[in-house]
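Input: a single structure, listed below in structure tokens.
The values are calculated or read from the model by the stated rules, or taken from the named source; none is laboratory data. Here the structure is a predicted model, which means the values were calculated and not measured. So basically every Cβ, Gly included, is an ideal-geometry build from the backbone, and we count neighbours across all protein chains shown. Accessible surface is based on the protein model in full, side chains and every heavy atom, while ligands, DNA and RNA are left aside. Shrake-Rupley method; radii C 1.70, N 1.55, O 1.52, S 1.80 Å.
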Amino acid sequence: SDSSNSVSFTLNRNFILSTSDATMFHVATDSTNFERIMQEAKKAVNAIACHPQEPFVAVGSHCGLLKVWEYKQTQYIVSRIFTEAGIQCLSYDPEGCFLAAGFTDGSVYILDAISLQSICEAFQFSQSPVTHISFSHDSKYLATADEDYSVTVYKRVLQNGSRCWEHLAGLDSHYKPIRGILFGVHPGSNEPRLLSLGEDRQLVEYDLNRSIKDHLVVTHRDRLEQAAVPLCFTWYPQLSTESFLLTANSCYKMKLYNTMTKVCRKTLLGPTYGSPLEKMQILPRTSCADPQRHYLVFITKDKVGLQMLPVDGNPHKSSASICHPDGASDFAISHDGRYIFTAGGKERTFMKWKVNLQALDAAAFLGGEDLIPFYSLLDGGREGKFFRELEDYFYYVQLCRQGIDTLEKRQVSTHIPLEEIPSVMRAIGFYPSEEEIEEMINEVRFSKHVDTGEEVTKIDLGDFIKLYTNHRPALGLSMKTIQGAFQVLGYDNKKGDKVIDRGDFLSLLQCRGE
């Protein structure tokens, strides 16, 4: 009652009092006793992680509150408050012994997964908030990424007979924000491999074996995109003999890259739900699920969704629901693949979602099979003017190949040579860059190479439609994009308008187009 407008009231029984900073008290009327019964996050909830074996979910907030819940019965287990800084990211190790936390002041804590007590002294090797944190599959390494575009690696070592953690090395490996760090396993051995992906379009792979104290060795640095920005990546399940990395970019495209050569093997239309994919993970298999079926969980700016694998550009193979209208900051999947947890950032909430795979399977089935879903992506569909025009171009290409004026008997087929793909694409209004053309042709040419060892030299109409719907801009080409390009290329005239000389423009297109 320190304010002038305090209120006095008489109560005959005990009451619950809730405060503006997410605390609840049980107040007894017969004495001055009050008991704190609940304390929740006062600030943004950005960090969430699921235990790899037990039904536990850990949630961290910017106010420094770390809380662990048992999610099947929704029971509170244990909590710890860090007063020094806010929690930005969390990760359990694969064995479920440790819980690593990255903080807004750049510090990293490694905690006991059950008691939340610190295993060792906190590490302070970053000057900015730690945005990503992850353990290797064998729990020997821990990697973090921060807002200063650097990757830091910690190693588990034996000291006086007990296992503890030490700082190995760090590196400013990107020049734009890091979108993800990913541990994997080297093919042919059980050694961990580490990759990081940044908005600078660089995929960087590190050599942990050759890295020594304060020197993190980079083995490969590959540029993934030309115009789009990669936003997230994950290991693709082994659905064929070839191993892939799956990425999602700012233009709603998903791409498959060979894990060794980092060559783009396929470009596909991803889920289009108002904003591009921000994060994604492969759904762990449930005990009752079909072992041949795989699914991907993703979040966009405000939605959580599921995507059936393999990704093929079929729009009926994914679904999404709004989870946090103000923006989802992170998500975690239960170890049995039955539940997804989403963190709501500034909303200070987290949500539990039950996975219903049958509903998605039914939606995909009702969407049609083979080419039916892809016809619906064409302007006017299977019976439309656009489709008939595309057929005409296919036959016209065959006429041109045999010579327009020839009097010989015409050889009509349902295929066209791969070299003609760019001209048909341009004829129907899609103008790919030279790099995109190369990716398209290679995608078809080597589509059967791993299985049969043979190269494909021609493409039929059905495969061409799939290629077109997967590669063309997902939302079409807007006037705003074209105006933006001229803002960059043009120069101001005396009236203050953006103009460009025709000769300069042609020279730019011909010499610096890519």
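Per the listing Val304, Val263, Val297, the residue uniquely β-branched (Val, Ile, Thr) and touching a helix residue (DSSP H, G or I) at 6+ places or on another chain (Cβ under 8 Å) is Val263.
Of the residues making up region 455-514, those that are open to solvent by 80 Å² or more (accessible area, probe 1.4 Å), touching a strand residue (DSSP E or B) at 6+ places or on another chain (Cβ under 8 Å) and among the polar types (S, T, N, Q) are Thr457, Gln487.
Where in region 139-237 are there strands (runs of 3 or more DSSP E), lying fully within it, with 3 or more residues that are open to solvent by 30 Å² or more (accessible area, probe 1.4 Å)? Talk me through it step by step, then tell me what you get.
Numbers: elements: 141-146, 151-159, 162-171, 178-185, 192-198, 202-212, 215-223, 230-235.
It comes to 151-159, 162-171, 202-212, 215-223.
Kindly indicate which of Asp93, Asp21 is open to solvent by less than 50 Å² (accessible area, probe 1.4 Å) and among the charged types (D, E, K, R). Result of the check over Asp93, Asp21: Asp93.
For region 257-287, taking the residues that are within 27 Å of Asp336 (Cβ to Cβ) and touching a Lys or Arg at 6+ places or on another chain (Cβ under 8 Å), the one that is surrounded by the fewest Cβ atoms within 10 Å (Cβ to Cβ) is identified as Thr286. Screening Ile482, Ile437, Ile441, Ile465 for residues that are of a type in the set (A, V, I, L, M, F, W, C), under 29 Å from the mean Cα position of the chain (by Cα) and at pLDDT below 90 leaves exactly one candidate, Ile482.
Would you point out which residue out of Gly327, Gly403, Gly313 is assigned by the TED database to the domain that holds Leu245 and free of Cβ contacts under 8 Å to residues at least 40 places away in the same chain? Even if it seems obvious, please write down each step before you answer.
On the way: Gly403 fails: assigned by the TED database to the domain that holds Leu245; Gly313 fails: free of Cβ contacts under 8 Å to residues at least 40 places away in the same chain.
Checking each option against the conditions leaves just Gly327.
Taken across region 332-352, residues that are in a helix (DSSP H, G or I) and at pLDDT 90 or above do not occur at all. Beta carbons closer than 6 Å, at least 6 apart along the sequence or on distinct chains, pair a first residue in region 459-488 that is part of a helix (DSSP H, G or I) with a second that is among the polar types (S, T, N, Q) for Asn470/Thr267; His471/Thr267.
Residue under question is Glu435, and the condition is that it be closer than 30 Å to Asn258 by Cα and open to solvent by less than 70 Å² (accessible area, probe 1.4 Å); does it hold? Show your work before the answer.
Working: closer than 30 Å to Asn258 by Cα: yes; open to solvent by less than 70 Å² (accessible area, probe 1.4 Å): yes.
Criteria met by Glu435.
Among the residues examined, Gly86 qualifies as touching a His at 6+ places or on another chain (Cβ under 6 Å), under 21 Å from Ala332 (Cβ atoms) and open to solvent by less than 30 Å² (accessible area, probe 1.4 Å). Could you go through region 332-344 and let me know if any residue there is exposed (fewer than 15 other Cβ atoms within 10 Å of the Cβ) and either free of Cβ contacts under 8 Å to residues at least 40 places away in the same chain or of a type in the set (Gly, Ala, Ser) (or both). Within region 332-344 (the criterion being exposed (fewer than 15 other Cβ atoms within 10 Å of the Cβ) and either free of Cβ contacts under 8 Å to residues at least 40 places away in the same chain or of a type in the set (Gly, Ala, Ser) (or both)), the answer is no, since none of the residues qualifies.
Residue-by-condition table, conditions (1) in a strand (DSSP E or B); (2) without any contact (Cβ under 8 Å) to a residue 12 or more places away in the chain:
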{"site": "Gln88", "(1), (2)": "yes, no"}
{"site": "Ser91", "(1), (2)": "yes, no"}
{"site": "Glu95", "(1), (2)": "no, no"}
{"site": "Asp105", "(1), (2)": "no, no"}
{"site": "Val108", "(1), (2)": "yes, no"}
{"site": "Ile114", "(1), (2)": "no, no"}
{"site": "Glu121", "(1), (2)": "no, yes"}
{"site": "Ser128", "(1), (2)": "no, no"}
{"site": "Ile133", "(1), (2)": "yes, no"}
